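Here the structure comes first, spelled out in structure tokens, and everything after it is commentary.
Nothing in this text is a laboratory measurement; each read-out follows from the coordinates by a stated rule. Computed from a prediction, not measured in an experiment: that's the story for all the values here. Ideal geometry is used to build each Cβ from the backbone, glycine not excepted, and the neighbour counts take in all protein chains shown.
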Amino acid sequence: MTMSFSAPLVKIQSLHKSYGPHIQVLKGLDIEMKPGERVVVIGPSGGGKSTLLRVMMGLEKIDSGSIRFGGKPYISSESADKKTEIDTEVRRSIGMVFQHYTLFPHLSVIQNLILAPCKVRGEAKASATKRAQALLERFGLGAKANAYPAQLSGGQKQRVAIARALMLDPKLMLFDEVTSALDPELVAEVEQVILQLAAQDMPMMIVTHDMWFAKNIASRVIFCAGGVVVEDGPPEQVLGAPKEERTKDFIDRVFHIRH
Ligand SMILES: Nc1ncnc2c1ncn2[C@@H]1O[C@H](COP(=O)(O)OP(=O)(O)OP(=O)(O)O)[C@@H](O)[C@H]1O
Ligand SMILES: [Mg+2]
């Protein structure tokens, strides 16, 4: 095995993040993620899971610490003036889908998909449209290319949001509770799309409260509480036989098995 194969894709070191002087959310978080891993992050509400993903997406400033991506510096705040430094090239290689659909309502599905590739990358419209159509077909949305977001179900909107993120060929996908605002009967179609990506070895970090999904998608589970990593291990351990008392309490109380 070569060194580069085992080098981490993401290395988060001593990450601190607060909102204002009183709300300290991340208090020295350390996470290492290898290429091809699918990390599910679980933890109490308000514990900072969304904050972590937003930081990784370059949407939030940090107080201190660093994130390396593919061995290169990505985000840091080590300088004397405490300014958050972000490598925008790296940021563009990370895709994110949120709980609430973030599609542009005034653009059709296909226009939503080709906007960033054409604007950010200068890709020709014809080529972007062709890629977009192929992705939509793969996700069972071929017939919806010219529909507007308001004409779609919640599950369809989330699948479009995933397709849109994939248009920029991300090296890492972040999913923040992408099914928790959906009616139960629409959850599976969105999870299937993510499982499809997993089968193609897309590295991902996923926040979910769905035990079935967590078990099926995770190669690793991280339990975060109090702003730090409390337990980190394979899904069978963290979800099935947690070592830490706090993880066990959380799983017993919050994580329900879907029947
Ligand atoms: N923009 C903000 N300004 C001030 N406080 C914030 C902001 N965003 C989040 N917080 C606070 O930071 C803490 C962590 O929030 P975060 O949304 O990251 O938690 P979470 O783990 O994703 O919770 P949930 O499981 O409910 O989604 C909470 O106390 C929240 O109120
Ligand atoms: Mg959240």
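Using +1 at the Cβ of each Lys and Arg and -1 at the Cβ of each Asp and Glu in the chain, identify which of 153, 46, 25 lies farthest towards the dipole's positive end.
Most positive-ward Cα: 153.
How far, in degrees from 0 to 90, does helix 125-138 lean away from the longest principal axis of the Cα atoms of the chain, to the nearest 10?
Roughly 70 degrees between the two axes.
Please identify which residues in the stretch 11-41 have an amide N closer than 20 Å to a label point set 7 Å out from the Cα of residue 219, following the Cα→Cβ vector.
Zone members listed by number: 11-13, 30-41.
Kindly identify the stretch 184-231 as rounded, prolate or oblate by the Cα gyration tensor criterion: order the square roots of the eigenvalues as a ≥ b ≥ c, call it rounded if a/c is under 1.5, otherwise compare a/b with b/c, prolate if a/b is larger, else oblate.
Numbers: a/c = 2.81, a/b = 1.56, b/c = 1.80.
Oblate is the answer for the stretch 184-231, as a/c is 1.5 or above yet b/c matches or exceeds a/b.
With just the Cα atoms defining each centre, how far is the stretch 164-196 from the stretch 14-35? Give it in Å.
25
Once the other residues with Cβ under 14 Å from the Cβ of residue 158 are scored (Lys, Arg +1; Asp, Glu -1), what is the net sum?
On the way: positive: 144, 157, 159, 164; negative: 176, 177, 183, 185, 189, 191, 210.
Counting the neighbours of residue 158, the net charge comes to -3.
Can you compute the label reach from residue 147? Point 7 Å from Cα along the Cβ direction, backbone N cut-off under 16 Å, restricted to the stretch 158-175.
158-164
What does the highest-first list of 184-192, 161-169, 118-126 look like by mean Cβ count within 10 Å? Working shown, then result.
Values: 184-192: 16.6, 161-169: 20.3, 118-126: 11.7.
Going from most to least packed, we get 161-169, 184-192, 118-126.
Can you show me the helix-derived [θ] at 222 nm for the chain, built from DSSP H runs with n ≥ 4 at -39,500 (n - 2.57) apiece and divided by the number of residues, rounded to the nearest 500. Intermediate results must be reported in sequence, preceding the final value.
Working: 9 runs with 88 residues, N = 259.
Result for the chain: -10000 deg cm²/dmol, rounded to the nearest 500.
Which angle from 0 to 90°, rounded to the nearest 10, does the C-alpha axis of helix 184-199 make with the longest principal axis of the chain?
80
Quick check on the chain: take the gyration tensor over C-alpha atoms, sort the square-rooted eigenvalues as a ≥ b ≥ c, and tell me if it's rounded (a/c under 1.5), prolate or oblate.
Values: a/c = 1.71, a/b = 1.27, b/c = 1.35.
Here the chain falls in the oblate category.
For the chain, with the dipole built from +1 on Lys and Arg beta-carbon atoms and -1 on Asp and Glu ones, taken about the Cα centre, which of 16, 228, 167 lies farthest toward the positive end?
About the Cα centre, the residue reaching furthest to the positive side is 167.
With a ≥ b ≥ c taken as the square roots of the eigenvalues of the C-alpha gyration tensor of the stretch 103-170, please select rounded if a/c is under 1.5 and otherwise prolate if a/b is larger than b/c or oblate if it is not?
Values: a/c = 1.71, a/b = 1.50, b/c = 1.14.
Verdict is prolate for the stretch 103-170.
Once you put a point 7 Å from the Cα of residue 192 and another 7 Å from the Cα of residue 212, both along the Cβ direction, what distance in nm separates them?
The modelled label-to-label distance comes out at 1.3 nm.
Using the Cα centre of the chain as the reference point, and only Cβ charges (+1 on K/R, -1 on D/E), how large is the resulting charge dipole? Debye, rounded to the nearest 20. Let's see the in-between values first.
Numbers: 32 positive and 28 negative charges, 156 e Å.
My answer is approximately 740 debye.
Report the Cα centroid-to-centroid distance between the stretch 202-222 and the stretch 90-157 in angstrom, as an integer.
Rounded to whole Å, the Cα centres lie 24 Å apart.
Treating the beta-carbon of each Lys and Arg as +1 and of each Asp and Glu as -1, no other charges, what is the dipole magnitude of the stretch 103-170 about its Cα centre, to the nearest 20 debye? Write down the numbers at each step before the final one.
Details: 10 positive and 3 negative charges, 4 e Å.
For the stretch 103-170, the charge dipole is close to 20 debye.
Under a point-charge model restricted to the Cβ atoms of Lys and Arg (+1) and Asp and Glu (-1), what is the dipole moment magnitude of the stretch 1-91 relative to its Cα centre, in debye to the nearest 20?
Details: 13 positive and 10 negative charges, 39 e Å.
The dipole magnitude comes to about 180 debye.
Starting with the fewest neighbours, write out 72, 61 ranked by other beta-carbon atoms found within 10 Å of each beta-carbon.
Working: 72 9, 61 15.
With the fewest neighbours first, 72, 61 line up as 72, 61.
What angle, in degrees between 0 and 90 and rounded to the nearest 10, separates the Cα long axis of helix 109-121 from the longest principal axis of the Cα atoms of the chain?
In the chain, helix 109-121 runs at an angle near 70 degrees to the longest axis.
Sorting 104, 69 on the 10 Å Cβ count, fewest up front, what's the list?
104, 69
Cross-link partners among lysines for residue 144, C-alpha distance below 16 Å, same-chain residues fewer than 8 apart left out?
Cα-Cα hits under 16 Å: 130, 157.
Which of the aspartates and glutamates could a cross-linker span from residue 243 if the Cα-Cα distance has to be under 14 Å and same-chain partners fewer than 8 positions apart are dropped?
The qualifying aspartates and glutamates are 231, 232, 252.
If the reach is capped at under 12 angstrom between alpha carbons, list the aspartates and glutamates near residue 49, excluding any in the same chain fewer than eight residues apart.
Here the aspartates and glutamates satisfying the reach criterion relative to residue 49 are 176, 177.
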